1. If you take the residues of segment 10-30 that are surrounded by 13 or more Cβ atoms within 10 Å (Cβ to Cβ), of a type outside the set (Val, Ile, Thr) and modelled with pLDDT of 90 or more, which of them is nearest to Gly128 (Cα to Cα)?
2. Which members of segment 29-66 meet the condition of being touching a helix residue (DSSP H, G or I) at 6+ places or on another chain (Cβ under 8 Å), assigned to a loop (DSSP other than H, G, I, E, B), over 20 Å from Leu2 (Cα atoms) and not charged (D, E, K, R)?
Amino acid sequence: MLKIGEKIPAITLPDQNGNTVDLTDIKGQKTLIFFYSKDNTSGCTKQATAYSELCGEFAKKGVRVIGISKDSVASHKKFEQAKGLKVTLLSDTEKEAITAFDVWHEKKLYGKVSMGVVRTTYLIDENGKIIFANDKVKAASDAETMIGVV
């Protein structure tokens, strides 16, 4: 996990509409980035829909919300449409951001060990520096927790 005070890496990824988003092109606006495992899974759906429900509150506080997973642009688009999501979803199929933000780790589930995305949330200031980082995220309450942080 990247640490508070570090600058975010210069990475460009496509969003759910195929538009490219440069993560360092956020200067002048706070940005919240939440990394999640997979579109349309129970926990990830709870997290993404909660952020979508609170996107107006984040906007009032001047915070842009971005979700990143290794799913494809097409998967993100289906996820957005099926769940009525209002947040930007970035496709990181090559795990460029996932690796750079250090959220790809060994995970254990029901005794099975595998590599995967550790649910992690970062808040980045207007200058591209991390001002909050959490890798102990609870999917259902992450958005509510973060609205209190921003």
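1. Lys30
2. If the condition is that a residue be touching a helix residue (DSSP H, G or I) at 6+ places or on another chain (Cβ under 8 Å), assigned to a loop (DSSP other than H, G, I, E, B), over 20 Å from Leu2 (Cα atoms) and not charged (D, E, K, R), then Asn40, Leu54 are the ones that fit.
The values are calculated or read from the model by the stated rules, or taken from the named source; none is laboratory data. Predicted model only: the values in this text are computed from it and were never measured. Note that we place each Cβ from the backbone using ideal geometry, even for glycine, and neighbour counts take in every protein chain shown.
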